[in-house]
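K.L.:
Sharing a structure below in structure tokens format, with a few things to ask.
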Amino acid sequence: MNNFNDMITKAKKMQEKMKEVQESLKNIEVEGLSGGNSVRVILTGNHEMKSIKISEELKKENQDIINDLIIAAYNDAKDKLKKKTSEEVAKAAGIPNLPFDIKLPF
């Protein structure tokens, strides 16, 4: 029975640690780039877009090109955020090399 109590205690501690990690993940910011750095997108840890910056040179281009580069920069930021989030969760859980495409429960 003592073993079971230890497992429950460890599970509760892990749950508390994961809540802390969730809160800290909100403070992460990543930058996605495209078009030779002509488009920059900043995403926060809770997947909210914080800013989009488009170079003056690019603003002279066709709207379809600009749209494609914004999407590419967003996707780049999203991929970086997944990787960064996975790294932070792995550190908190004490699990090295957690795959960045793992589905997280939050």
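K.L.:
For residues in region 1-55 being of a type in the set (Lys, Arg) and over 15 Å from Ala77 (Cβ atoms), which is surrounded by the most Cβ atoms within 10 Å (Cβ to Cβ)?
P.N.:
Selected residue: Lys17.
K.L.:
Here's another thing I want to ask about it. Against the condition over 19 Å from Lys91 (Cβ atoms), over 22 Å from the mean Cα position of the chain (by Cα) and acidic (Asp, Glu), how does Glu31 come out, does it pass?
P.N.:
No: the conditions fail for Glu31.
K.L.:
Does any residue in region 53-82 that is under 14 Å from Ser34 (Cβ atoms) come within less than 8 Å, Cβ to Cβ, of a residue that is charged (D, E, K, R) six or more places away or on a different chain, and which pairs are these?
P.N.:
Lys53/Arg40; Ile66/Lys59; Ala73/Arg40; Ala77/Glu31; Lys80/Glu31
K.L.:
Right, here's the next one. Among the listed residues Ile66, Ile70, which satisfies the condition of being in contact with a Lys or Arg (Cβ under 8 Å, 6 or more places away or on another chain) and buried (at least 17 other Cβ atoms within 10 Å of the Cβ)?
P.N.:
Ile66
Throughout, read-outs are computed from the coordinates displayed, never taken from laboratory work. Note that the structure is predicted; figures quoted are calculated from it, not measured. Neighbour counts are summed over all protein chains in view; Cβ atoms, including those assigned to glycine, are modelled from backbone coordinates with ideal geometry.
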